[in-house]
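The values are calculated or read from the model by the stated rules, or taken from the named source; none is laboratory data. None of these values were measured; they are calculated from a predicted model. Heads up, the Cβs are rebuilt from the backbone with ideal geometry, glycines too, and the neighbour counts pull from every protein chain shown.
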Amino acid sequence: MEACPLAQDTARTQRADTAAVLLGEPDALPEGSNSGEVVPADVQLHQLWSDLSVKRISNALSPSDWPGARQVYRHLIGEDADYHELLTTRVDSRAEAEPAKVLCAVGAVALAEIVWKAGVTRGWTGLFSGESSGLGVLRLSTAARPPFGPGGGAPSFLSLAAGSLRDAVLFPCVALKIPRTGAPSGNLLFLGRKTGQPSPNFFASCVATCATEKCSAVVKPVLNSFRRFSKYPCHLGLSDFAKASVDERSATEGSARFPWALVLRPNEEAQNLASSAGEVQGDAPAHFLAQLDVIPAGTTLYDVFAVTSPEGALPANVKRAKRINEEVHGLLHVGTLVTRTQFIRSLGESSLRFWHQCKEEDYELRPEWAAAHGDHHTHMCGAEYFSKVIETGHYR
């Protein structure tokens, strides 16, 4: 049975009001938030947002804001390439003394939520259930420093590359963190093409929770570095997002239900707002932040699509969602990602940690998915592939 539209509107208004409360004075933290007791999700979110707000800074960038080419190289494939912490540590914020981000070093944050379409989440659990994912912290960033425009010439690891990687202007990345009561936060991470996009509009291309392993010789060592930690280096897990809701309701052991992958398609509203920021003036990254600067609260940034299963990603199924053994396999339009505040840039962003879930954890719960994961999923399934399917209207 579909939820009453009036009830849905009321719930969305309440969540927007919650976001407004979080914009209050950052020193007005609820009592007991530092005690050893279970901290409610809204208190956790208040603490995160307060820290980000009190450390708010200008959007103006300087070359020193970007890690150097040598530092990026070491982080990706050199002596600093250790992703163990990203895959194991569940805290939401890093200690002040820890090093700043190397990848996705520059970005902006806002409060946001995924609003699920009524009746299409197919019995999924946890944060995939209900009317909304719950309110959380959204961070938009570009993975690395793109080359300067004409007259620039700042050094970049891109100077080592050829082909479409050399033409990249942005490497859009999206991260969403939803605090939960009595459980670690739920984290979703999305990326576009590994070679980036030539458009300066941040919302020009789809992003997804998976990417292809097809790559140039320049990128291959990066994948090999990731492969030390996962058999599926370009696929992120989603099962943890399904294990518990915001308010401490947990799926029973082994009963978490979730899609195989998620895809975000930029909404026309976001694209138009980004375009309204005007032509690129100088450095593209500064322009990317200027685009986020003009996005108001209540903006639909992305339409959310779900690939229901590995079988649903196969060409015959993804182009016409079909029912197999009582399950729908294919591509479903399941919701929208909506901002609840404006974006800000903050020194506190450097302390945010978004946990990366290995795909193996999904496959432990759905071993038939591991058996179905083949060459098509490894070499074809990424944001660009699903974008083409969405463009043709082949989804439910």
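Across region 39-58, the number of residues qualifying as among the charged types (D, E, K, R), part of a helix (DSSP H, G or I) and closer than 14 Å to residue 348 by Cβ comes to 1. In region 345-358, the residues that are free of Cβ contacts under 8 Å to residues at least 60 places away in the same chain form no Cβ pair under 6 Å with any partner that is part of a loop (DSSP other than H, G, I, E, B) and not hydroxyl-bearing (Ser, Thr, Tyr), whether six or more places apart or across chains.
Condition check ((1) at pLDDT 90 or above; (2) surrounded by 17 or more Cβ atoms within 10 Å (Cβ to Cβ); (3) not in a loop (DSSP other than H, G, I, E, B)) across all residues:
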{"residue": "274", "(1), (2), (3)": "yes, yes, yes"}
{"residue": "291", "(1), (2), (3)": "yes, yes, yes"}
{"residue": "298", "(1), (2), (3)": "yes, no, no"}
{"residue": "302", "(1), (2), (3)": "yes, yes, yes"}
{"residue": "305", "(1), (2), (3)": "yes, yes, yes"}
{"residue": "309", "(1), (2), (3)": "yes, yes, no"}
{"residue": "337", "(1), (2), (3)": "yes, yes, yes"}
{"residue": "356", "(1), (2), (3)": "yes, yes, no"}
{"residue": "360", "(1), (2), (3)": "yes, no, yes"}
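Regarding residue 223, is this residue modelled with pLDDT under 95 and of a type outside the set (D, E, K, R)? Here the answer is yes, as residue 223 does meet what is asked.
Applying the condition of being part of a strand (DSSP E or B) and modelled with pLDDT under 90 to region 160-211 and asking which residue is surrounded by the fewest Cβ atoms within 10 Å (Cβ to Cβ) yields 197.
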